[in-house]
Amino acid sequence: MSLKTPSQSIAKFRPPSAAVIEQFTAIVGPAHALTDPDAQQPFLQELRGQFVGKTALVLRPGTVVEVCQIMALAHTHNIAVVPQSGNTGLVGGQIPYETGAEIVLSLARLNKVRALDGAGNVMICEAGVTLQDAQNAAQQAGRLFALSLPSRGSCCIGGNLATNAGGINVLSYGNARAQVLGLEVVLADGRLWNGLRALKKDNTGYDLKDLFIGSEGTLGIITAATLKLVAQPKEQATALVALDDLGKVLPFFTNLQDSAGPALTAFELMARRCLDFVTAHGADMHDPFDAPHPWTVLIELSGLSDDGAAAQHLERALAQAFELDLIKDAAFATSPRQSAALWALRESISELQKPEGGSIKHDISVPISAIATFITRANKLVETLCPGARPVPFGHFGDGNIHYNISQPKTMEKDAFMAMRDDISDAVHELVVELGGSISAEHGIGRLKRRQLPSVKSDVEMDMMRAIKQALDPSGILNPGKLL
Ligand code: FAD
Ligand code: ZN
């Protein structure tokens, strides 16, 4: 099935009539009901340009009451709704189909931090608060909001929770789900569920918030969340470490985790090609090592005191790893600027891979003991299916999560390479399943991986998910043709 084929669940919907558009417009006001294609354009296209949608209407409500009214009207007239927050999603979930039948509901104007209790370690953020703004608000109160993704300047809390985002801090703080105490959600029929509790312990039945986290806009509209805050690290020690053998990454990781425990807050693996691409295409990007190394790992240790203990610990641990012949070299950041420069190498990989042409991307996880096997076998598979294609694996090693991106062969046409996407991805995903892994570690299913979902879930799992969807959205108006 091509990515552009409208799914059956979308085929039953029709665009709103002019009269219904007028009623939607009356809810948010004409300035926030976009019908002009130019004004709609930023909401209809995602960053990778794989999905370009169509709609009669983009609605930008400014209050939760307006969201309730929009959903009640959509429910009455059987209008399909695509929720969108920051539009940084990587699986097409936030983009309507090309049929033009759905309306887009942007939560971007719900952008208030409603409350922040530093001593109580909680804050309440609306769905359209950017992750960066949420982090800043916590920081100003002397606390840390631990979720962190390279897209932090644009992605928003609503999207982060709807996708159960992961990112660079999962190793010691957990993914988005782990940062949530309560949710406020508008249901498919327009009713409001106020579940903004700030309780760590609450065993009063099914955990409803966990249904909506990771539901990718298919079960309800998240309008606000009670988020957990934690102690702010007083110092962070960062180093880029070079290894000559992929097989040594796991013993090195285990060794470091044994000595640092939860102080090890990042352990990000990068294949050689990542550094080649970012240093070739990025301004001010430098490989800190004199000689090229096949593998590098970006490490961060966080400390709760500012006495230099984190840096000393990291130096000792790396010296020991060197003696054990696990690592070949290490570059320590001695200032926040140097640390930012090392992080920039890691965080710009996706962006600076673009000049190398077409890229087929995978966001997989396997048990961490299987990462080396996965990368080695996947590289061989790719070489067999498309000789000359260039794998660019990198990611959150400590979480077993590898972004297995593949750049096109230098001499091939981009379209010819991208036409191989289904064949290559199916082979990579088959290997992932064989190794006991997941075909979506953090980006979700959306539209991109919907076709594969039934082949990696059991019938029982698919039945349970469909039953939940049926219970919360019986008309199927919430993000049809996504996820399920
Ligand atoms: P959107 O793109 O607007 O929406 C994503 C999904 O959530 C869609 O299905 C949408 O319908 C649904 N949705 C959005 N808002 C709501 C709402 N209020 N209620 C209900 N459903 C809603 N992701 C990671 O997990 N880890 C990473 O490390 C990471 N790195 C990234 C780096 C870059 C450079 C980029 C561009 C993206 C990266 N992402 C990463 C992907 C993306 O940023 C995350 O998925 C993010 O959580 C999406 O948030 P958003 O606000 O942009 O959501
Ligand atoms: Zn990631």
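Considering only beta bridges that DSSP places wholly inside the chain, some 85 percent are antiparallel. Cross-link pairs exceeding 24 Å in C-alpha to C-alpha distance, out of 361/457; 228/469; 354/449; 201/228, comprise 228/469. When a/c reaches 1.5 or more, the comparison of a/b and b/c decides; with that in mind, is segment 114-187 rounded, prolate or oblate per its Cα gyration tensor? Because its axes are fairly even, with a/c under 1.5, segment 114-187 counts as rounded.
Counting only residues at least eight positions apart within a chain, or on another chain, the lysines with an alpha carbon under 18 Å from that of residue 328 are 248.
Annotation: residue 354 carries an accessible surface of approximately 100 Å², with a 1.4 Å probe and no ligand, DNA or RNA atoms counted. For the chain, the relative contact order is 16 percent, taking Cα pairs closer than 8 Å that sit 6 or more residues apart in sequence and dividing their mean separation by the residue count. With a 1.4 Å probe rolled over the protein heavy atoms of all chains, the accessible area of 173, 206 falls in the order 206, 173, largest first.
Taking amide H as placed 1.01 Å from N in the peptide plane, the amide H of residue 122 sits under 5 Å from that of 117, 229, each at least 5 places away or on another chain. Taking amide hydrogens as placed 1.01 Å from N in the peptide plane, the amide H of residue 220 sits under 5 Å from that of no residue at least 5 positions away in sequence or on another chain.
A straight Cα-to-Cα reach below 17 Å connects residue 410 with the aspartates and glutamates 276, 356, 383, residues fewer than 8 places away in its own chain not being considered.
The order of 216, 102 by accessible area, most exposed first and with a 1.4 Å probe, is 216, 102.
Between the helical axis of 336-347 and the longest alpha-carbon principal axis of the chain there is an angle of about 70 degrees.
Across segment 132-142, rounded Karplus estimates of 3J(HN,Hα) from the backbone phi angles (6.51 cos²θ - 1.76 cosθ + 1.60, θ = phi - 60°) give 4, 5, 5, 4, 5, 4, 5, 4, 4, 8, x Hz, Gly and Pro being marked x. Phi-derived couplings, Karplus 6.51 cos²θ - 1.76 cosθ + 1.60 at θ = phi - 60°, listed residue by residue for segment 312-326: 5, 4, 4, 4, 4, 5, 6, 4, 5, 4, 5, 4, 7, 6, 7 Hz, with x used for Gly and Pro.
The distance separating the Cα centre of segment 100-150 from that of segment 152-181 comes to 11 Å.
Relative contact order of segment 17-87: 34 percent, from C-alpha pairs under 8 Å at least 6 residues apart in sequence.
Residues whose amide H falls under 5 Å from that of residue 181, counting only those 5 or more places apart or on a different chain, are 226, 227, 228, with hydrogens built in the peptide plane.
Rounded, prolate or oblate: which one fits segment 46-129, using the alpha carbon gyration tensor with axes a ≥ b ≥ c (rounded when a/c is under 1.5, else prolate when a/b beats b/c, else oblate)? Oblate, because a/c is 1.5 or more while a/b does not exceed b/c. Here segment 426-474 exposes an accessible surface that is 54 percent carbon and sulfur, computed with a 1.4 Å probe and the other protein chains kept in place. Roughly speaking, what is the stretch gain from residue 47 to residue 423, that is 0.36 nm per residue apart minus the C-alpha to C-alpha distance, in nm to one decimal? Extra length from residue 47 to residue 423 when fully extended: 133.0 nm. Spatially, segment 295-360 and segment 16-83 are offset by 44 Å when compared through their Cα centroids. Listed values for segment 76-90 are Karplus-derived 3J(HN,Hα) couplings in whole Hz (6.51 cos²θ - 1.76 cosθ + 1.60, θ = phi - 60°), namely 4, 9, 6, 9, 6, 10, 10, x, 9, 10, x, 6, 10, x, 10, and x replaces Gly and Pro.
In this model, which of 12/414; 200/234; 234/482 are farther than 31 Å apart at the alpha-carbon? Walk me through the numbers on the way to the answer.
Values: 12/414 35 Å; 200/234 25 Å; 234/482 42 Å.
The answer is 12/414; 234/482.
Per residue, segment 258-321 exposes 45 Å² of solvent-accessible protein surface, assessed with a 1.4 angstrom probe and all protein chains in place. Surface composition of segment 160-259: carbon and sulfur make up 48 percent of the accessible area, probe 1.4 Å.
The values are calculated or read from the model by the stated rules, or taken from the named source; none is laboratory data. Owing to the predicted nature of the structure, the values given are computational and were not obtained by experimental measurement. The accessibility values were calculated without ligands, DNA or RNA, using every heavy atom of the protein model including side chains. Shrake-Rupley method; radii C 1.70, N 1.55, O 1.52, S 1.80 Å.
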